[in-house]
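The values are calculated or read from the model by the stated rules, or taken from the named source; none is laboratory data. Remember, predicted model here, so these are calculated numbers, not experimental data. A quick note on method: Cβ atoms are made from the backbone with ideal geometry, for glycine too, and the neighbour counts reach across all protein chains shown.
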Amino acid sequence: MPEDTFLSDDLLRQLMSVGEVDLLVGVSSHNSANPVGQAVQAIEQSYQQFFPRQRVAIVLFDVEGQTGANTTNATTQSSEEKRAQTHGITSLRTIHRVLVTFPGIPSPGVALRTTLAIADLVRTRACVLFSANSTNLNPESIGNLLRPVYQEKFDFSAPLYTRHKFQGLLMRNLLYPMSRAVFGCGMREVFPAEWGFSGRLASYCLNQDVWHEEAIRVQPEAWMALTACATEQRCCQVYVGKKGPLTTVPDIVDVLRQTVGALFWCLEKDQEFWLERDHSQDVPTFGTAHPLTTEPTDMDRHRIFEMFRTGVTDLEPVLNSILDPETHAEIKNMTLIEEGKFRFKPDVWVRALYDFAASYHHEVITRDHLVQALAPLYRGMTHSYLLEHADSSPAEIEAANEMLCSEFELQKPYLRERWKTKMEVKS
């Protein structure tokens, strides 16, 4: 284990008193959507309901001076109080509680690395981590994510959600189909807010020399999911319920930098694996289907389309350095199409994304600027999707998504060729 882990003397003392455990659940206690007391209660109820005989632990991440009193109370709650809250249902073993305190809100990468180090030290067999923006911290979701890892010996369990048909468009139109085609692993959620993993995968990831990377600091879950795929460990996906709405609307440029930037970085890191992989396969799925809901949406199609038009025009020199000339010409011609008749053809969308990925690899421009330049194209694809599927049923949307996935797989040789071909680097 690297010397600059985040394990304080106090934390090490806590872990020594815990000893080895079978199951571990980690959660960011600064998450306002899951007050610490409710989070602890949900985890304990899951242990009591699904794993009463196992040795178990809860890891809470706390911010010094922010929620310390509440967190401490939750971790030291008496057995009488816990029995009262759970109506007499108890575990047959002690539920250990570990408090990890940071001077400020820890980055997702720090939280993951600390969890992996703890999992490694207590030799846990299965672990679930809930990030700060999770809205599915409940006994059923915890149990659903833990069971495949603990009972079925899977190494990574990703969540599946019920979503609105216009929710998660970046995942549906880019992150899922591209990661599936490139890495050959059909996990839909490679940027999960909660996920399960084995102690074996935890130890492997902990010892990788990646913790200084920006992609790991801000979006480590995608790296862990794709590492599981690239090392051909056993992966599955599990239905955990409805995906809750975002409390704030994030800036799309920031979202692209954090997600697409992380995906491109993973392509770079694991290129030896995916360059030789020519097929994809589904992963085992547990639980019910993941239906889409069809409530009205307040997304402004006209504004999205205008931002596509102006963005393609304003960024023409940048796009010219990234895109194949034919693809660039097709996209420029799209800006001349009447808004109501506009369609972003799937083959052009896929070819453009593969151009972006190859240009990221060759660093034709600054990588951060390159990923940001994807924003107008993504807005164009979003407008096209909203227009095309305004009245589509969930089954029709799923069929269209499968066709898009097939297009990504069909064009993978194009990505491989562009990746291996030396490109002109422009300032």
Checklist entry - Within the range 263-275, can one find any residue that is closer than 20 Å to GLU221 by Cβ and part of a loop (DSSP other than H, G, I, E, B)? => result yes
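Residue-by-condition table, conditions (1) surrounded by 18 or more Cβ atoms within 10 Å (Cβ to Cβ); (2) more than 22 Å from ILE397 (Cα to Cα); (3) over 18 Å from the mean Cα position of the chain (by Cα); (4) not assigned by TED's automatic domain parsing to the domain that holds ALA390:
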{"site": "VAL255", "(1), (2), (3), (4)": "no, yes, no, yes"}
{"site": "THR259", "(1), (2), (3), (4)": "yes, yes, no, yes"}
{"site": "PHE264", "(1), (2), (3), (4)": "yes, yes, no, yes"}
{"site": "LEU267", "(1), (2), (3), (4)": "yes, yes, no, yes"}
{"site": "GLN271", "(1), (2), (3), (4)": "no, yes, yes, yes"}
{"site": "TRP274", "(1), (2), (3), (4)": "yes, yes, yes, yes"}
{"site": "HIS279", "(1), (2), (3), (4)": "no, yes, yes, yes"}
{"site": "VAL283", "(1), (2), (3), (4)": "yes, no, no, yes"}
Checklist outcome for this item: Just one listed residue, out of SER134, SER179, is of a type in the set (Gly, Ala, Ser), assigned by TED's automatic domain parsing to the domain that holds HIS279, buried (at least 21 other Cβ atoms within 10 Å of the Cβ) and at pLDDT below 95, and it is SER134
Checklist entry - Only one of (1) in a loop (DSSP other than H, G, I, E, B); (2) modelled with pLDDT of 95 or more is not met by ASN31, so which one is it? => result (2)
Item to check | Single match in MET381, MET403 (criterion: in contact (Cβ under 8 Å) with a residue 40 or more places away in the chain, surrounded by fewer than 13 Cβ atoms within 10 Å (Cβ to Cβ) and either under 30 Å from PRO291 (Cα atoms) or assigned by TED's automatic domain parsing to the domain that holds VAL260 (or both)) | outcome: MET403
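Give me the residue from the range 82-120 that is basic (Lys, Arg) and part of a helix (DSSP H, G or I) and, out of that set, modelled with the lowest pLDDT.
Here is the first cut: in the range 82-120, the ones basic (Lys, Arg) are 82-83, 93, 97, 113.
Now narrow it down to the ones that are part of a helix (DSSP H, G or I): 82-83, 113.
Numbers: LYS82: 47, ARG83: 44, ARG113: 94.
Here the answer is ARG83.
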Checklist entry - under 25 Å from ALA390 (Cα atoms) and touching a residue at least 60 places away in the same chain (Cβ under 8 Å): does that describe PRO291? => result yes
Next on the checklist: Would you confirm, using the coordinates I've provided, whether LEU201 is in contact with an Asp or Glu (Cβ under 8 Å, 6 or more places away or on another chain), crowded, with 24+ Cβ neighbours inside 10 Å and assigned by TED's automatic domain parsing to the domain that holds VAL21?
Outcome noted: yes
Item to check | Residue in the range 211-222 that is of a type in the set (A, V, I, L, M, F, W, C), touching a helix residue (DSSP H, G or I) at 6+ places or on another chain (Cβ under 9 Å), within 30 Å of PRO52 (Cβ to Cβ) and buried (at least 23 other Cβ atoms within 10 Å of the Cβ) present | outcome: no
Next on the checklist: With the condition being acidic (Asp, Glu), I'd like the helices (runs of 4 or more DSSP H) fully within the range 310-408 carrying at least 2 qualifying residues.
Outcome noted: 325-334, 346-362
Next on the checklist: Against the conditions (1) touching a Ser or Thr at 6+ places or on another chain (Cβ under 8 Å); (2) closer than 18 Å to GLY311 by Cα, where does LEU377 fall short? Just the number, please.
Outcome noted: (1)
